[in-house]
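Peer 1: Dumping the structure here so I can ask a few things about it.
The values are calculated or read from the model by the stated rules, or taken from the named source; none is laboratory data. This is a predicted model, so every value here is computed, not measured. Note that each Cβ is placed from the backbone with ideal geometry, even for glycine, and that neighbours are counted across all protein chains shown.
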Amino acid sequence: MSQGVEFNRLMLDMRAMQMDAMAQPKSAVQAPEVGSSSFAELLGQAVNKVNDTQQASSQLATAFEVGKSGVDLTDVMIASQKASVSFQAITQVRNKLVQAYQDIMQMPV
């Protein structure tokens, strides 16, 4: 369940950054505050979390396959589904970013 919480936190941070960007006057460009996370850092953290989730799922599946005691099939399946959902979510974020980039590049100057 913590993966959902982390994704929701990422989305809230992204929305807050969007609101801050929209509230700033067009002529004044301010440097990011010290201690605040940039969009690239947040995106990198999200990708790293997805990678960690997939690796944990793979390790759990391997442990189940070799017959390690204490590893239950339901835990393996839940970890696998968490990894799958988190990968699908980050893929959708990537698709939206690529689409936004393409839209910006096609704007007339």
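Peer 1: Residue check: is Asp13 part of a helix (DSSP H, G or I), modelled with pLDDT under 90 and not hydrophobic (A, V, I, L, M, F, W, C)? Spell out how you get there, then give the answer.
Peer 2: Values: part of a helix (DSSP H, G or I): yes; modelled with pLDDT under 90: yes; not hydrophobic (A, V, I, L, M, F, W, C): yes.
Taking the combined requirement at face value, the residue satisfies it.
Peer 1: Additional query: Of the conditions (1) modelled with pLDDT under 90; (2) in contact with a Leu (Cβ under 7 Å, 6 or more places away or on another chain), Ala79 fails just one. Which one is it?
Peer 2: The number of the failed condition is (1).
Peer 1: Residue by residue through the stretch 60-109, note down the ones that are aliphatic (A, V, I, L, M) and not in a helix (DSSP H, G or I). Let's see the steps before the verdict.
Peer 2: So in the stretch 60-109, the residues aliphatic (A, V, I, L, M) come out as 60-61, 63, 66, 71, 73, 76-79, 83, 85, 89-90, 93, 97-98, 100, 104-105, 107, 109.
Result: Val66, Val71, Met107, Val109.
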